[in-house]
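One structure below.
The values are calculated or read from the model by the stated rules, or taken from the named source; none is laboratory data. Note that the coordinates shown come from a computational prediction; the quantities given were computed from them, not determined experimentally. Cβ atoms come from the backbone with ideal geometry, glycine included; neighbour counts cover every protein chain shown. When the accessible area is computed, the model is the full protein with side chains, heavy atoms only, and any ligands, DNA or RNA have been set aside. Shrake-Rupley method; radii C 1.70, N 1.55, O 1.52, S 1.80 Å.
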Amino acid sequence: MKLWSGRFTKQTDKLTEDFNASIAFDSRMYTQDIRGSIAHASMLAKQGIISFAEGEQIIAALKEIEQEIADGRLEFIVDAEDVHMNIETFLTAKIGDVGKKLHTARSRNDQVALDIRMYLNDEIDNIRELLLETEAALLQVSSEHLETIMPGYTHLQKAQPITLAHHLMAYFEMLRRDVERLDDCRKRVLAMPLGSGALAATGFNLDRDCVREQLGFDYLTRNSLDGVSDRDFAIEFCSFASILMMHLSRFSEEIILWSSDEFSFVQLDDGFSTGSSIMPQKKNPDIAELVRGKTGRVYGDLVTLLTVMKSLPLAYNKDMQEDKEALFDAIDTVKKCLLVFAPMLKTCRFQKENMAAGARRGFTNATDLADYLVSKGLPFRDAHAVVGQAVLYCIEQQKVLEEMELATFKTFSDRIEADVYEHLDIMNCVAKRSIPGGPAPETVKKAQLEAAQWLERMQDVHK
Ligand code: ARG
């Protein structure tokens, strides 16, 4: 019999039952549901709404149920619809009528809001840790490549020389913002909704703050209607997850490109690539491709949540049961991607010679020649035109700039002297870009030091 069947005279249609049930996917919140119920029961007892003995009996039984579920001794049933009613059913089966008192002054509407927040908060811990591990991997690999010269690109055309360290630290910065976004999202997750009831709170004298404290929430939701119908925190999480996946997809794309024969900048470890069933020579960057591909489903999760919530009248609507699969999918996907990403990165073998050779082609020091002319008194726009002419000449001669004789240089501008060659040296081009934010090894080293300190601070703070 359904827990809510009082006013019904007919059984639920089997099709309705299957369609309506969420146990297939919300059972994963059973520990959170039980923790929430324990806090609720102990508060009910403290407030004299149930007796102490009843409270203790309920709490002991809930703890047993948690263990029995973990051991696989209790099985959820579709009949009981969702995780909340499954656990309540287990409870009354165990302790009889006393179990029926647990749901006093509570609705599944505030209960589910509580459970999702607790579940998400626990998963934020896990994801935060994985994110920080990825940051540590980026920092470690970056610190090994302070002098590894590579071409920097715009429009995927060679632009100016940089170092691999600097390139990797760009991703460090992206993921740093992701950590900050995650921490910020958590501020809204940690609002305690229990006591909102179905929508209009309750006439019982609940001590909401006592529940809040037991469950480790930071503050109480401030409006009962909003308490049961707010899913902003889940949307914010999916938005964080989408931005993070976008960052990982950009990095993945570069790894895919770099591991192609055309670039030959990186060799992926055998453990983090796969072969082809037909082409014996193949080694494919599947991990990076899958991360890139899974970005799409996380965006999908965000759009699912935004769309589910769009135009919903206050307060709870059953539509909101659709929040969980999208949220869980985003959580699972982000975790899976982060889990493989750091080890893939740490086992990459960067082909330094190819990177450096790449930086020496494509006139990546052309801007430096223009800057050199500026230092000799030529206005930048004129210098730009002079160097353009020199580049064109070199393309025709199949040369790089630094291969030109001084006499040839002077045909483009008589301001050019013998010291031009050191200004065109690729390593010097990088080294002189030493202002804050620049790729010069000494500057990137400082950036890495700051990054390491930030990482340490983040590892210390738990939330
Ligand atoms: N399984 C439901 C959900 O996930 C729990 C809340 C149901 N509330 C209700 N009034 N039917 O949203």
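Rounded to the nearest whole Å², what accessible area per residue is found for the range 126-241 with the 1.4 Å probe? Before the final figure, lay out each step's value.
Values: 4580 Å² over 116 residues.
On a per-residue basis, 39 Å².
For a distance above 25 Å, tell me the whole-number percent of Cα pairs in the range 199-342 that qualify.
Details: 5081 of 10296 pairs.
Within the range 199-342, distances greater than 25 Å cover 49 percent of Cα pairs.
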Give me the mean projected area, in nm² to one decimal, of the convex hull enclosing the Cα positions of the range 3-91.
6.5
With labels modelled as points extended 7 Å from the Cα through the Cβ direction, what inter-label distance (nm, one decimal) is found for K283 paired with Q389?
4.8
Along the Cα-to-C-beta direction of V374, a point sits 7 Å from the Cα; which residues of the range 439-457 have their amide N less than 16 Å from that point?
439
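Counting only protein heavy atoms, what percent of the accessible surface of the chain is carbon or sulfur at a 1.4 Å probe?
Values: 11760 of 22190 Å².
Using a 1.4 Å probe with all protein chains present, the chain comes out at 53 percent carbon and sulfur.
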Between the range 406-432 and the range 44-119, the alpha-carbon center distance in angstrom:
78
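So, with +1 on the Cβ of K and R and -1 on the Cβ of D and E, and no other charges, what is the size of the charge dipole of the chain about its Cα centre, to the nearest 20 debye? Write out the running numbers ahead of the final one.
Details: 54 positive and 72 negative charges, 134 e Å.
Approximately 640 debye in magnitude.
Using only alpha-carbon positions, what ratio does the radius of gyration of the range 39-100 give when scaled by 2.2 N^0.38 Å?
On the way: Rg = 12.0 Å, N = 62, 2.2 N^0.38 = 10.6 Å.
So the Cα radius of gyration is 1.14 times the expected 2.2 N^0.38 Å.
Taking 0.36 nm per intervening residue step and subtracting the Cα-Cα distance, what contour gain separates E403 from K14 on full extension? Each step should come with its number before you reach the end.
On the way: separation 389, 0.36 × 389 = 140.04 nm, distance 8.12 nm.
Taking 0.36 nm per residue and subtracting the Cα distance, the gain is 131.9 nm.
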For the chain, take the longest principal axis of its alpha carbons; what is the angle in degrees between that and the long axis of helix 108-143, to the nearest 10 within 0 to 90?
20
If one computes the Cα centroid of the range 204-264 and of the range 318-388, what distance in Å separates the two points?
26
Please name which of A24, L175, F233 has its Cα lying farthest along the dipole of the chain towards the positive end, using unit charges on Cβ (Lys, Arg +1; Asp, Glu -1) and the Cα centre as origin.
F233
In terms of the Cα gyration tensor, with a ≥ b ≥ c the square roots of its eigenvalues, is the range 1-50 rounded because a/c is under 1.5, prolate because a/b exceeds b/c, or oblate?
oblate
Taking the simple approach of a point 7 Å from Cα along Cα-to-Cβ for both M246 and L220, what is their distance in nm?
3.8
Alpha-carbon Rg with Dmax, taken over the range 353-463, Å
18.6, 64
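Would you mind checking K376/K432; K346/K399; K283/K335 for any pair whose Cα atoms are more than 27 angstrom apart? Can you show the working numbers first?
On the way: K376/K432 17 Å; K346/K399 37 Å; K283/K335 25 Å.
The answer is K346/K399.
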With loop defined by DSSP as not H, G, I, E or B, and exposure as at most 12 other Cβ atoms within 10 Å, which is the longest segment of the chain clear of exposed chymotrypsin sites (Phe, Trp or Tyr not before Pro)?
9-463
Cα gyration tensor shape for the range 314-409, rounded if a/c is under 1.5, else prolate or oblate
prolate
Project the alpha carbons of the chain onto their principal axes and report the range along each, largest first, in whole Å.
101, 52, 38
Amide hydrogen neighbours beyond the local backbone of M150, cut-off 5 Å, H modeled:
I162, T163, L164
